[in-house]
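Structure record follows, encoded as C-alpha cells.
The values are calculated or read from the model by the stated rules, or taken from the named source; none is laboratory data. This structure is a prediction, so every number in the text was calculated from the model and none was measured. Positions of Cβ are backbone-derived with ideal geometry, glycine not excepted, and every protein chain shown enters the neighbour counts. Only protein heavy atoms, including side chains, enter the accessible area calculation; ligands, DNA and RNA are left aside. Shrake-Rupley method; radii C 1.70, N 1.55, O 1.52, S 1.80 Å.
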Amino acid sequence: MRILFLLIMVVVMQNAQAQDFCNLLKKEVSPDRTIYDYSSPFDPNDPPVVRVSRNYGTNPDYATDNFFMIFEITNPLESIYKKTDTGEVEKDEQKLVVEFEDKSKYTDDSIKITHDFTNDRTQAIRTIFYSLNEKAVKEFSNKKIVKFSLAGYEQAVPADSANAIMHYVQCLRDVKKD
C-alpha cells in the first residue's frame, strides 16, 4: 500500500511541476488588449542558450501569431570572421541541428545565423530566431534537447533546462487566444 501511495505522489508531483512551468512564463499585454507577448523566463544579463517565445495579435486587421525558439552560442570573437584577400569579413552562416534525448535530430540548413557581440565585445554570439511550424512544435513539445549546433558550433543543453524548454513549448502551444 505504501508503494502505491508513493507512486501516486510521484505522478502528482510531476504533474504539478509541469503546471508550474506555465506559471513561470512572462506575459505582457498591450493596453488595448490586442497584442500578447509570452516568453520563457530569463535574466537579460545571463540569457539561457535556448529560450521560447510566442506573441500574437488579435486585431483582425493585423492578426499575427509568431511562435519561435531562440538558440544562442557564445564563441571566440574571431570565429565569426573569415580571411579574404582584402582582410577579414564576417561569415555568412546557416544551419541549425538539434539533437534530442532519443538520439533523433531536427535539422534546418536554410535559416541564417545572426552575429552579435558580448557587452565587453570580447566574444561573438551566434543567434537563430527559429520559427516553429506545426511539425516543429510537435517535435519540441515532446522531446528534450540534449545539444544543438549553429553552423557546426555545438552547445550542450543541461537536463533541467531541456525539461523546462520542452514544457515551455507545451505551455505556449496551448495558450488560448483571448
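Which translational diffusion coefficient, to the nearest whole µm²/s, is obtained for segment 84-178 from the Stokes-Einstein equation, given a Kirkwood hydrodynamic radius over C-alpha pairs, 4 °C and 1.567 mPa s?
Result for D is 86 µm²/s.
Two decimals is fine: what's Rg over Rh for segment 16-78, C-alpha atoms, Kirkwood radius as Rh?
Ratio of gyration radius to Kirkwood radius for segment 16-78: 1.08.
A 23 angstrom limit on the alpha carbon distance is what I want to check against. Which of LYS26/LYS176; LYS105/LYS138; LYS26/LYS95 exceed it?
Too far apart for the 23 Å limit: LYS26/LYS95.
At 37 °C and 0.692 mPa s, grab the translational diffusion coefficient of the chain from Stokes-Einstein with a Kirkwood Rh over Cα pairs, rounded to a whole number in µm² per second. Working shown, then result.
Values: Rh = 18.2 Å.
After rounding, the answer is 180 µm²/s.
Let me check I've understood the local charge: for SER149, count other residues with C-beta under 14 angstrom from its C-beta, Lys and Arg +1, Asp and Glu -1. What total comes out?
Numbers: positive: LYS95, LYS105, ARG126, LYS147; negative: GLU72, GLU93, GLU99, ASP108, ASP109, GLU154.
Local net charge: -2.
With all protein chains present, how much of the accessible area of the chain (probe radius 1.4 Å) comes from carbon and sulfur, to the nearest whole percent?
The nonpolar share, carbon plus sulfur, comes to 51 percent.
Take each of the peptides 57-63, 95-101, 166-172, 156-162, average the number of other beta-carbon atoms within 10 Å over its residues, and list them starting from the highest.
Numbers: 57-63: 11.1, 95-101: 18.3, 166-172: 22.1, 156-162: 14.7.
So the peptides 57-63, 95-101, 166-172, 156-162, ranked by packing, come out 166-172, 95-101, 156-162, 57-63.
Using Cα positions and a limit of under 15 Å, work out the aspartates and glutamates in reach of LYS112, with same-chain residues fewer than 8 apart set aside.
GLU72, GLU90, ASP92, GLU93
Sort the following peptides by mean Cβ neighbour count (other Cβ atoms within 10 Å, averaged over residues), highest first: 70-77, 106-113, 24-31.
70-77, 106-113, 24-31
Cβ under 13 Å from ILE113's Cβ, ILE113 left aside: what net charge do those residues give with Lys, Arg +1 and Asp, Glu -1?
-3
Compute the long axis of helix 2-24 from its Cα atoms, compare it with the longest principal axis of the Cα atoms of the chain, and write down the angle in degrees, 0 to 90, nearest 10.
So the inclination is approximately 50 degrees.
For LEU132, which sequence-distant residues (separation of 5 or more, or a different chain) have an amide H within less than 5 Å of its own amide H, given hydrogens modelled in the peptide plane?
PHE67, PHE68, MET69
Once both axes come from the Cα atoms, what is the angle between helix 159-173 and the longest principal axis of the chain, in degrees from 0 to 90, rounded to 10?
80 degrees
Going by amide H atoms built from the backbone, whose H comes under 5 Å of the H on LYS91, apart from near neighbours?
TYR81, LYS82
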